[in-house]
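Contents: one structure, followed by commentary.
The values are calculated or read from the model by the stated rules, or taken from the named source; none is laboratory data. Owing to the predicted nature of the structure, the values given are computational and were not obtained by experimental measurement. So basically every Cβ, Gly included, is an ideal-geometry build from the backbone, and we count neighbours across all protein chains shown. For the accessible areas, the whole protein counts, side chains as well, though only heavy atoms, and no ligand, DNA or RNA atoms are used. Shrake-Rupley method; radii C 1.70, N 1.55, O 1.52, S 1.80 Å.
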Amino acid sequence: MNSKANLKMFKKVLVEKEVLNNPNTIHILSKLPKAKPIIIDDLDQYWGKVKKPYLQKRDNLNLFIGKKRGTLVKPAPDAYGVSGDPHYYFIHSYNCIYECQYCFLQGYFHTPDLVLYVNHDEILKEIKSILVEHPNAWFHAGEFSDSLALNHITNEWSQYWDFFKNNPKAKLELRTKSVNIKNILPLEPLKNVLLTFSLSPQDPSKEFDLKTPSTRAKIKAIKQLSDAGFQIGIHFDPIIYSEKLQIQYTQLINDLLENTNIDQINYFSLGVVRYTKDVYRQVELNYPDSKLHSHPYIKSFDNKIRYSRPMRNWLLSTVKNILLSKDVHESRIYLCME
Amino acid sequence: MKLLCFAHRNEAKTFFDRLKLSPLDTSLNLFKSKNEFILISGEGIQSTTELLSIVLSKYENISEIINYGIAGSLDKSLKENSIFSIRTVYQYFDDFSFKSHTSHDKQATIDLISVHKRIYSPEDKLKLSIYAHLLDMETWALASVAKRFKKKWKSYKTVSDSLDEATKCQQIANEAKFYSDLFWNHFINTKEQSPLSESSRNLILENSSLYFTHTQAHQIRKYCKSLILRDPSFLESFTSSKKYKSIVESEKSRKEKSKEVLNLLATDYDPITFKELQRTQKVFKSLKNQYLNFDHSEYIEKNSIKFKGQFKSSNDLRNIIRTLEKINIDELKGKSKDV
Ligand code: SF4
C-alpha cells in the first residue's frame, strides 16, 4: 500500500497535542506525508462526540492519533481464547478500515472514525505488572480493531517483540483479517507470539467481508509466516450458514493445510455468527439486503441474536468433523460457545 | 404532498414565479400550489423549529420535506454553484451535539453542520470541518422536526463562500434570481415520478387452492423474504417444483394443503431446525396423556423440558412418574446437544 492510498483513506488526520512528539506519532505521520494534521487538545472532545453513521467510513473516515487513558489492559471475557490461563486484552486502536457486514463495531461505537493510540510504552508497563501475578497470561490485541490492517503505517508490534522475548511464558495474540505482514516477517519468530487469522471460505468472505483481502491472499500470508517459523492460530469465526457449507469448509481447510506447516497452527477456534441486539439492528440498517438475513435467527438464552441451537451445533460439528478428518488433533480445536 | 422549505423568500423567488402559489397562512409564511406547500421558515434553528412544527402538526398530508438553501463551505474542494444533496446533518451549539440526522437520499455524500451563530474564525471552521463539508443555520432543526413527525426529508444546498459569511444576506438579495433558478432547475429535473408501488405479489398466497390464516400468511411472507434473499428466483422455482405442485393438486382440503406447503417452505428456510422441531414434537406428543402435557416451544433453544401435570391420586402420580422416566434425555437432545 503506498502513501497515496493511505492519505486517500483518511479524510482528516487529528493528533492530540500531548502525543505530537511521541516517536510513534512521528512515525505514523511520516507515512502520511500529504496529511495536514489538525492538532487537538483532547481526543474525547471530538471522537465519538457526534453520532456519525457507520457507513460514512466509506468516504468520510477520519484518523485520530492519541493517548489511551484509564485501564490499558483489561481481563478478557470468560469464553475468550484458549482455556486454562488467564486472558487479557489491550486497546491500541479503535475501529477498522475493513467492512465486514456482521462486525460488532457498527453497533458498538457511535462513530466509525479510527483511533490509533501511541502510548505503547505504557501498555507494556501495564502488561508487565500483570505478569507479576500471572506469568502465563495471554494478551490479545484486536478486540476493537484489526491488529495488522494498518501495520504498514503504525509498525507498533516490533516494540512488543523484545518484551515477549524476555517474558517467554506470557503469550501475545495478534488477530487479523489482513495480509499486512511486511513488517512482521523481518522479526524473529517467537514461540509465545501468535499471529491469528480469521478465515472464511472464499464465497462467503467475498459476500460478507467487504474490503478485506481474499481468502487466497490470507492463506498465502499464513504460508509465508509459517514458512518463516511464526506461530499461527486460525479462527473459523463467524461461521455463517450456507447450503454449501460442507464443500466450502472442506475446500478451505484443504487449501490451508496444504499450504501450512500444521505443527505451527496452535489452534483452530470455531464460532457461529452472533450479535447483540444493538449490533443486529445496525446490521439490518446498514445492510438490509445482505444474505446474512436470509437465515433465521432467534433471540437466544443470553439475549444475543443467533441461529437456533440445533443449527449452531450442526455448523460447529460439521466444521469440527472436517478438521478431525484431516488429522487435526481434537485438543487443538476450540469451540466458541458464548 | 411535499413541503418545500426555504430559509429566505429570495431563495424561493423562481418557485413563486413558476408555481401558482396562493398564501395559505401568512402568519406562518406558508403557501400552496396544486402539488406542493412552500414554507419560508426564516433564519436560524429556533424559527425553523417553530414554524415547521406548527405546519407539520396542522397539515398531516405532508409526507416529505424538501429543503433548498445556501450554505457556507468548510471544504475547498466543493465547487460553487453546484447543488449538493445533504447526507448527515450535525449541530454545533457551543459544543458538538451528539444527535445527528441522516436524510432519505441514499445517494447523498455531503455532510452539513448547523450552527447557532455566524462563524467567522478559520479555527472554528477547521473544527467544524472535522465532521462536515458545509455549514448553515437551519437544516439540523428541519431534520430534527421531520424525525419527530416521522417525515422523510432531503436537503439540497449550494455553496456561497467566495464571499464573507457576513455579506451572505446581501449576496442572496443581489443574486436571488441566480440561486433561485439553480434550485428550481434542480427541483424540476429531480422531481420524482411517483414510483409504481413495487410488486408485492406472492405466488403462494395467491394460489386459490390454498387457504392461509393471517398468522400463516405472515409466516409465508417471512420465509419467502429470506429465501428470495438467498435466491432471487426462489418463488418461481418453488411454485414450479414437483413437491409443491403435488401438494397443491392433491385432493386434500385447502387447510391441509396449506399446512403442507408451509412445512415445505419451513424445510427450505431452516432444514436443520425444522427437522429437529418435528422430531422433538413427535416425542412429546407420544408422551402426552391425560395427566401430563408438554410445552415443547422452548425446548430446542433451552434444552429444558417444561410440562404441566395434574393428579388426584397416588395412582395418577405414579403414572406421571412412569411417563417421565420414559424420557431418554440424551436421545431427545439430538442436534440440540452441544458438540
Ligand atoms: S476485520 Fe474485524 S474489526 Fe475489521 S470490520 Fe472485519 S470484523 Fe470488524
How about the range A:107-123: which of its residues are more than 14 Å from chain B (Cβ to nearest Cβ) and either out of contact with any Leu (no Cβ under 9 Å at 6 or more places or on another chain) or near the ligand (Cβ under 8 Å from one of its atoms) (or both)?
A:GLY107, A:TYR108, A:VAL118, A:HIS120, A:ASP121
Could you say which residue among A:ASP327, A:ASP263 is more than 13 Å from chain B (Cβ to nearest Cβ), farther than 24 Å from A:GLU207 by Cβ, open to solvent by 70 Å² or more (accessible area, probe 1.4 Å) and assigned to a loop (DSSP other than H, G, I, E, B)?
A:ASP327
Looking at the range B:12-40 only, could you name the residues that are under 12 Å from B:PHE187 (Cβ atoms), of a type outside the set (A, V, I, L, M) and in contact with a helix residue (DSSP H, G or I) (Cβ under 7 Å, 6 or more places away or on another chain)?
B:THR14, B:PHE15, B:ARG18
For the range A:209-223, what are the residues that are at negative phi, within 13 Å of the ligand (Cβ to nearest atom) and in a loop (DSSP other than H, G, I, E, B)?
A:THR212, A:PRO213
Inspect the range A:147-161 for any residue being within 13 Å of the ligand (Cβ to nearest atom) and either small (Gly, Ala, Ser) or open to solvent by 30 Å² or more (accessible area, probe 1.4 Å) (or both) and give the result as yes or no.
yes
The conditions are (1) in a helix (DSSP H, G or I); (2) open to solvent by less than 80 Å² (accessible area, probe 1.4 Å); (3) more than 10 Å from chain A (Cβ to nearest Cβ), and B:LYS285 fails exactly one of them. Which is it?
(2)
Test A:ILE28 against the stated conditions and say whether it is open to solvent by less than 20 Å² (accessible area, probe 1.4 Å), more than 14 Å from chain B (Cβ to nearest Cβ) and within 16 Å of the ligand (Cβ to nearest atom).
no
Check A:LYS52, A:LYS8, A:LYS36 and return the single one that is surrounded by 13 or more Cβ atoms within 10 Å (Cβ to Cβ) and at negative phi.
A:LYS52
Within the range A:288-308, can one find any residue that is under 23 Å from A:ASP327 (Cα atoms), β-branched (Val, Ile, Thr) and either without any contact (Cβ under 8 Å) to a residue 60 or more places away in the chain or assigned to a strand (DSSP E or B) (or both)?
no
Among the residues of the range A:129-139, is any among the polar types (S, T, N, Q) and either surrounded by fewer than 21 Cβ atoms within 10 Å (Cβ to Cβ) or within 9 Å of the ligand (Cβ to nearest atom) (or both)?
yes
Filter the range A:298-321 down to the residues that are facing another protein chain (nearest Cβ under 10 Å) and either acidic (Asp, Glu) or closer than 16 Å to A:CYS103 by Cα (or both) and list them by number.
A:ARG306
With criteria (1) within 25 Å of A:THR25 (Cα to Cα); (2) not in a loop (DSSP other than H, G, I, E, B), A:GLN106 comes up short on (1)
Checking the condition surrounded by 12 or more Cβ atoms within 10 Å (Cβ to Cβ) and modelled with pLDDT of 90 or more, which residue from B:LEU262, B:LEU292 passes?
B:LEU262
Pair list, Cβ < 7 Å and 6+ apart or interchain, from the range A:200-214 residues that are farther than 21 Å from A:LEU150 by Cβ and within 14 Å of another protein chain (Cβ to nearest Cβ) to residues that are open to solvent by 60 Å² or more (accessible area, probe 1.4 Å) and more than 10 Å from the ligand (Cβ to nearest atom):
A:GLU207/A:LYS291
Which residues, taken from the range A:25-54, are in contact (Cβ under 8 Å) with a residue 24 or more places away in the chain and out of contact with any strand residue (DSSP E or B) (no Cβ under 8 Å at 6 or more places or on another chain)?
A:HIS27, A:LYS31, A:PRO33, A:LYS34, A:GLY48, A:LYS51, A:TYR54
Which of the numbered conditions does A:LYS68 fail, given that it passes all the others? Conditions: (1) open to solvent by 20 Å² or more (accessible area, probe 1.4 Å); (2) outside any helix (DSSP H, G or I); (3) closer than 24 Å to B:ILE110 by Cβ.
(3)
